[in-house]
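A quick write-up on the structure given underneath.
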Amino acid sequence: MTTESPSTTPTVAVIGAAGKMGQRVSNNLVDSDFQVLFSEASPKGQELIRSLGRELTESADAAARADVVILAVPDVVLGAVSAELVPLMKPGTVVLTLDPAAAYAGLLHERADIHYACAHPCHPSVFLERTTKEEWADTFGGIAAPQEVVAAYEGGDAAKQELAESVIRVMYAPVVDVHWVTVKQLAVLEPTLVETIACMVGALLTEALHETVHTVGVPEKAARAMLLGHTQVALANTLKGSNPFSDACLIAMDYGRESIVREDWKKVFEDEELDKVITRMLKIKEIKR
Ligand SMILES: NC(=O)c1ccc[n+]([C@@H]2O[C@H](COP(=O)([O-])OP(=O)(O)OC[C@H]3O[C@@H](n4cnc5c(N)ncnc54)[C@H](O)[C@@H]3O)[C@@H](O)[C@H]2O)c1
């Protein structure tokens, strides 16, 4: 809540306020100086928002009144939702999406007098120096553990970028820094670097643990303890240069790369491959450029 006049206090609309991200960003925005409007399509989600003591606003009304409209709806409906809401917005409104796929694919409804920004949370770093229980518990970020954010805006209006950044710093708080890149660069970061590669490797580690326990028969506690400690040291050694690996470990790592990783794996960084994964994610036939 604020005592300032509406003309000096930007209004932020959260469309899809009961979703996973909608709830997270709303929980932080309610404690800010922004005027916040909550919109949600599903009846169950609307009930949840009311139960939190938050007033609901129709999407069309929220989009027409807000200075910044956060589209926290699933990526596969961003085309349809933006086609419905962008025509209703005031000139100069900032549309803020939370994932670059739809913007990269050209799915967002375009208007020359609207500014399009996208901000993705980095999540708290694996090397974050956590000191409190709350920081340790906050694995996703946005509650207690500081995180960085990567955002894209290609509109060239410094004041709009500043407005977007002020909302981003609140909705993903606590935020250490916001890094501004292009939409394509953000799409290379997510999905390619962090979903196609990092999250896939995380899932592979979990499968490897399962094989060790259920196929080979190693006691689960022993396998889990060994994997978690070594995952920590592997990341510290490779990404931070903390300690050198032993000579024998380097030989085993080479054997692992030869046995597990395809020689042409770096093709995931090629433009056609980025288009391929994004069309698959958005369930569309092609990228519009
Ligand atoms: N979930 C994550 O971990 C995560 C992380 C970073 C970014 N994102 C991005 O955040 C965005 C939202 O994803 P999510 O996982 O929170 O989705 P979600 O499915 O959890 O929530 C989406 C919400 O939008 C509502 N909705 C759908 N159509 C609507 C409409 N027309 N008007 C109002 N509400 C509508 C749904 O009822 C639902 O409550 C996506 O762009 C996603 O890529 C998600």
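The values are calculated or read from the model by the stated rules, or taken from the named source; none is laboratory data. What you see is a predicted model; the values in this text were computed from it and never measured. FYI the Cβ positions are ideal-geometry reconstructions off the backbone, even for glycines, and counts take in every protein chain you see. Surface areas here come from the heavy atoms of the whole protein model, side chains and all, with no ligands, DNA or RNA. Shrake-Rupley method; radii C 1.70, N 1.55, O 1.52, S 1.80 Å.
Normalised by the number of residues in the chain, the average gap of Cα pairs under 8 Å and 6 or more apart makes the relative contact order 14 percent.
Taking θ as phi - 60° and the Karplus parameters 6.51, -1.76 and 1.60, the scalar couplings of segment 62-76 work out to 4, 5, 6, 8, 7, 8, 10, 10, 8, 8, 9, 9, x, 4, 5 Hz in sequence order, x denoting glycine and proline.
Of the GluC sites (Glu not before Pro) found in segment 87-141, the ones in coil according to DSSP and having at most 12 other Cβ atoms within 10 Å of their Cβ are 110, 129.
If I stretch the segment between residue 55 and residue 280 completely, what's the gain in nm (0.36 nm per residue apart, minus their alpha carbon distance), one decimal?
Numbers: separation 225, 0.36 × 225 = 81.00 nm, distance 3.63 nm.
Between residue 55 and residue 280, full extension yields an extra 77.4 nm.
Between 252, 101, 187, the Gaussian network model of the chain with springs among Cα atoms under 10 angstrom shows the greatest mean-square fluctuation at 252.
Convex hull volume of the Cα atoms of the chain, normalised per residue: 178 Å³. With contacts taken as Cα pairs under 8 Å at a separation of at least 6 residues, segment 11-181 carries a relative contact order of 19 percent.
Considering only 104, 153, 255, the Gaussian network model of the chain with Cα springs below 10 Å gives its largest mean-square fluctuation to 255.
Once Rh for segment 161-207 is found with the Kirkwood sum over Cα pairs, what is the Stokes-Einstein diffusion coefficient at 4 °C and 1.567 mPa s, in µm²/s?
Using the Kirkwood radius from Cα pairs, D works out to 103 µm²/s.
Against the chain, whose longest principal axis is taken from its Cα atoms, helix 220-239 shows a tilt of about 70°.
Close lysine pairs were tallied over the chain: pairs 8 or more places apart or on different chains with Cα atoms under 21 Å apart number 15. Per-atom-type breakdown for the chain gives carbon and sulfur 58% of the accessible area (1.4 Å probe, protein chains only).
Result for the chain in a Gaussian network model with C-alpha springs under 10 Å: among 142, 156, 19, the largest mean-square fluctuation is at 156. With distances taken between every two different alpha-carbon atoms, segment 189-282 has a Kirkwood hydrodynamic radius of 15.5 Å.
Segment 11-181 has equivalent-ellipsoid semi-axes of 25, 20, 14 Å, by the square roots of 5 times the alpha carbon gyration tensor eigenvalues, sorted largest first. Accessible surface area normalised per residue over the chain is 58 Å², counting heavy atoms of protein chains with a 1.4 Å rolling probe.
Over segment 189-282, Cα pairs under 8 Å with separation of 6+ residues give a relative contact order of 29 percent. Across segment 151-161, computed HN-Hα scalar couplings (Karplus, 6.51 cos²θ - 1.76 cosθ + 1.60, θ = phi - 60°) run 10, 10, 7, 10, x, x, 9, 4, 5, 5, 5 Hz from first to last residue, x flagging Gly and Pro. Relative to the longest principal axis of the Cα atoms of the chain, the long axis of helix 200-210 lies at roughly 50 degrees.
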